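**Student:** Could you have a look at this structure, given as structure tokens, before my questions?
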Amino acid sequence: MDNGPADQQGGRVTAPDAPAPPSDDTAAADPTDAALPTGTDREAPGTVRGLPLPQLLLDLIADGRWRHPGDEALAAALPWFADPVELLPDVAAVRRQSASLDDLSGEDLGPLFRQARGSTAADPVELPWLDAERAVLIAVARTAGDDTALALDYRTDPADPRVVGSDIWTNPREYTWRVAAPTFTAFATTLGLLQP
């Protein structure tokens with residue numbers, strides 16, 4: 001039975017292109033391996049979910065230049081986005097919003113939102129999926145419930161990660177993630193945020 005972007009099976013949402021879980025014959029993970037830290041009480045300054053925010057983002061926040069450039073500038077940079085987004089104004093907001101990635105990448109909601117955890121997948125998590133363990137949100141939907149966001153995707157470069165955005169408009173039956181900019185620097189430049 002088709003329920004939109006994914007099928008319901010046994011009470012869980014599944015997707016045909018979902019990253020495969022580790023096989024049953026895979027050795028159990030070493031219990032001493034620590035998961036990526038997600039609690040704000042364990043975060044080093046300038047990190048979110050154990051990932052270092054790009055220095056440029058930290059500088060833009062500190063200088064007051066990490067601000068909404070206007071809907072027209074965002075629409076030019078993100079032509080597939082039909083709903084407006086708000087840039088998260090500071091590190092605390094990035095931490096708070098990024099915490100939702102844990103819930104949205106679980107086995108129930110992960111396939112619906114095309115989010116998975118690379119540490120539990122048998123194969124690498126690649127676009128159109130978001131590896132929730134290697135991402136932080138930097139912008140979210142202006143309207144609650146629109147379920148759209150922009151994220152730093154650390155799978156490409158830990159110092160200057162690419163920016164990816166959710167896409168529910170190109171194919172309304174399938175939630176996907178796609179590249180908004182190859183690096184955070186390119187994204188900030190496109191939005192005109194590097195201007196004094």
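The values are calculated or read from the model by the stated rules, or taken from the named source; none is laboratory data. Here the structure is a predicted model, which is why all the values come from computation and not from measurement. Note: ideal-geometry Cβ built from the backbone for every residue, glycine included; neighbour counts use all protein chains shown.
**Student:** Could you run through region 141-182 and say how many residues are polar (S, T, N, Q) and either in contact with a Ser or Thr (Cβ under 6 Å, 6 or more places away or on another chain) or part of a strand (DSSP E or B) (or both)?
**Tutor:** As a first pass, look at region 141-182 and keep what is polar (S, T, N, Q): 143, 148, 156, 166, 170-171, 176.
Subsequent filtering for residues that are either in contact with a Ser or Thr (Cβ under 6 Å, 6 or more places away or on another chain) or part of a strand (DSSP E or B) (or both) retains 148, 166, 176.
The number of residues fulfilling the criteria is 3.
**Student:** Hey, could you check region 57-93 for residues that are under 16 Å from Ala180 (Cα atoms) and either exposed (fewer than 12 other Cβ atoms within 10 Å of the Cβ) or among the charged types (D, E, K, R) (or both) and say which is nearest to the chain's Cα centre (by Cα)?
**Tutor:** Glu86
**Student:** Within region 172-188, is there a residue that is of a type in the set (S, T, N, Q) and touching a residue at least 40 places away in the same chain (Cβ under 8 Å)? If you could, list the steps in order and put the result at the bottom.
**Tutor:** At the first step, the residues of region 172-188 found to be of a type in the set (S, T, N, Q) are 176, 183, 185.
From what is left, the residues that are touching a residue at least 40 places away in the same chain (Cβ under 8 Å) are 176, 185.
Looking for residues that are of a type in the set (S, T, N, Q) and touching a residue at least 40 places away in the same chain (Cβ under 8 Å), one finds at least one in region 172-188, hence yes.
**Student:** Turning to a different aspect of this structure: Under 28 Å from Leu58 (Cβ atoms), exposed (fewer than 15 other Cβ atoms within 10 Å of the Cβ) and modelled with pLDDT of 95 or more: is that true of Pro182 in this structure? Before you say what the answer is, go through the steps one by one.
**Tutor:** Numbers: under 28 Å from Leu58 (Cβ atoms): yes; exposed (fewer than 15 other Cβ atoms within 10 Å of the Cβ): yes; modelled with pLDDT of 95 or more: yes.
Answer is yes for this residue.
**Student:** For residues that are surrounded by fewer than 15 Cβ atoms within 10 Å (Cβ to Cβ) and without any contact (Cβ under 8 Å) to a residue 60 or more places away in the chain, scanning just region 130-155, find the one that is farthest from Ile61 (Cα to Cα). Talk me through it step by step, then tell me what you get.
**Tutor:** First pass over region 130-155, keeping only residues surrounded by fewer than 15 Cβ atoms within 10 Å (Cβ to Cβ): 142-145.
Next cut, without any contact (Cβ under 8 Å) to a residue 60 or more places away in the chain only: 142, 144-145.
Values: Arg142: 19, Ala144: 24, Gly145: 26 Å.
It comes out as Gly145.
This table checks each residue for (1) at pLDDT below 85; (2) more than 13 Å from the chain's Cα centre (by Cα); (3) part of a loop (DSSP other than H, G, I, E, B); (4) aliphatic (A, V, I, L, M).
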site	(1), (2), (3), (4)
Gly106	yes, yes, yes, no
Leu112	yes, yes, no, yes
Ala139	no, no, no, yes
Ala188	no, yes, no, yes
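**Student:** I've got another one for you. Please go through region 24-82 and pick out each residue that is of a type in the set (Gly, Ala, Ser) and either at pLDDT 90 or above or at positive phi (or both).
**Tutor:** Hits for region 24-82 are Gly46, Gly50, Ala62, Gly64, Gly70, Ala73, Ala75, Ala76, Ala77.
**Student:** Step by step: first the residues of region 167-179, then only those that are modelled with pLDDT of 80 or more and either aliphatic (A, V, I, L, M) or crowded, with 18+ Cβ neighbours inside 10 Å (or both), then the one that is nearest to Pro54 (Cα to Cα). Which residue is that?
**Tutor:** The residue in question is Val179.
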